[in-house]
Amino acid sequence: MTDILFGQSYYLRFDPKLWAAMQPYPPLGTMIAAACVRQQGYDVALFDAMLADSPAEWAAALDKHCPRIAVIYEDNFNYLSKMCLLNMRQAAFQMLALAKQRGCLTIVCGSDAADHYPLYLQNGADFVILGEGEETLTELLAEIGDWKPETAPSPPPLTPSPPHPLTPSPPHSPIPSLAWRAPNGPVATPRRPPLRDVDSLPFPAWDLIDVEKYRRIWLARHGYFSMNMVTTRGCPYHCNW
C-alpha cells in the first residue's frame with residue numbers, strides 16, 4: 001500500500017489546441033510536492049495526467065497503489081493549468097469522486113481550487129490548500145498522521161459529501177492557507193507568506209515520471225527533445241494568485 005498518490009487534472013487530450021501541438025511537459029509542481037512529501041518519509045506514487053486518456057487511468061492508479069491519501073496537486077509552473085478550463089475542473093471532480101469511492105482522504109492544491117474552494121469541498125475534497133502548497137501540505141500530513149478510512153471518527157466532526165461518509169477531523173492547529181468543511185460551512189485559515197527560500201525545496205521527483213514517453217513523443221512529432229526546468233517561482237507582474 002502506498003501512503004500518498006499524487007495526480008493532477010490537466011489532461012492534454014482534453015485541450016484540442018494543445019493536443020494538436022503536442023508539446024507536453026512533465027508536471028514539475030506536482031513532482032516537487034511529491035519530493036517534499038517523500039523527504040518526510042512517506043511512500044509516494046504519482047499519476048501523470050498530462051499524457052493520460054481520461055480519469056479512468058487515475059482509477060487504475062488508485063487500484064494499483066491503494067493509497068491512504070489522494071492529492072490532486074496542479075502543476076502551477078505550467079501556465080496551462082491556470083487557464084482553469086471547465087473540462088479540467090470536471091476531471092478534477094471525477095478524480096475526487098473516484099478517490100472517495102476507494103476510501104481515500106483527499107487533498108487538492110491548485111489555482112482553480114484556491115479561488116473556488118467551496119465548490120471543490122462540495123465535490124469530494126476533504127482539504128483544499130490555498131496558494132503555494134509544499135509547506136501547507138507537509139504540515140497537514142503531519143496533523144493527519146496515521147489516519148485510515150476505517151479509523152475515521154464516528155460520527156465525523158465535519159459534514160461529509162454524500163455518499164462518502166468517511167471524513168477526517170479538521171487540523172488541531174491553525175495551519176495557514178488551508179480550507180475544509182465545518183458543520184456551518186467551509187472554513188479557511190489566513191494565507192501564509194510566499195516561500196522565500198526556494199532552495200529549501202528538493203529537486204522534482206523525476207523518477208516518478210516516464211521521461212522516455214515524453215522523449216518518444218517529442219522526437220516523433222518534432223525531431224528533437226525538449227524538457228522543462230525552473231530557476232525561480234512566482235509572477236514578476238504581481239498577478240493576483
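Derivation of every value follows stated rules applied to the coordinates shown; laboratory data play no part. Computed from a predicted structure; not experimentally measured. Cβ placement follows ideal geometry from the backbone for every residue including glycine, while neighbour counts extend to all protein chains displayed.
Some points to look at:
- Whole-angstrom Cα spans of the stretch 171-234 along principal axes, big to small: 55, 29, 20
- Residue by residue, the stretch 174-181 carries 3J(HN,Hα) couplings of x, 5, x, 6, 9, 10, 8, 8 Hz when phi is fed to the Karplus relation 6.51 cos²θ - 1.76 cosθ + 1.60 (θ = phi - 60°); x denotes Gly or Pro.
- Point-to-point label distance, Met1-Gln39, nm (Cα→Cβ direction, 7 Å offset): 2.7 nm
- Among the trypsin sites (Lys or Arg not before Pro) in the stretch 88-120, those located in a DSSP loop and surrounded by at most 16 other Cβ atoms within 10 Å of their own Cβ are Arg102.
- The alpha-carbon positions of the stretch 21-62 define a convex hull whose volume is 63 Å³ per residue.
- Sites Val198 and Glu143, calculated FRET efficiency, Cβ-Cβ separation with R0 25 Å, nearest 0.05: 0.55
- Local electrostatic count at Ala113 - Lys and Arg +1, Asp and Glu -1, tallied over other residues with Cβ under 10 Å: -2
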